Amino acid sequence: MMWTMNKIQDKTISVVMPVYNEEENLNNAIDELVRNLGARFSDYEIIVVDDGSTDRSLEIAKAAAVQHFTVRIICHEKNFSFYLVCTSFGTLE
């Protein structure tokens, strides 16, 4: 089962960030992306794909999505691996 937070839309640039148990790094990584993408693009999104994390990664991603309207979340209830994360967007088909 998969669910999303904030609607994924067509943007000038979309950055997909696969996440698995990254609670110590996630907030800083999202802040850096928001800062750098915001300086270069007016129309961007950051898609955080939580791949069944067992730590606080999803909670941190949700807080970031509330704080930054450009952050979207896709959540897998269990770990499916990087390959499935990519194929869900059609990048490795």
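No lab work stands behind these numbers, since they all come straight from the coordinates. No experiment lies behind these values; they were computed from the predicted model shown. In this analysis, Cβ positions are derived from the backbone assuming ideal geometry, glycine residues included, and neighbour counts consider all displayed protein chains.
Residues whose amide H comes within less than 5 Å of that of V49, counting only those at least five positions distant or on another chain, are M17, V19, I74 (H built at 1.01 Å from N in the peptide plane).
For N27, neighbours were defined as the other residues whose beta-carbon sits under 12 Å from its Cβ, and their charges (Lys and Arg +1, Asp and Glu -1) total -4.
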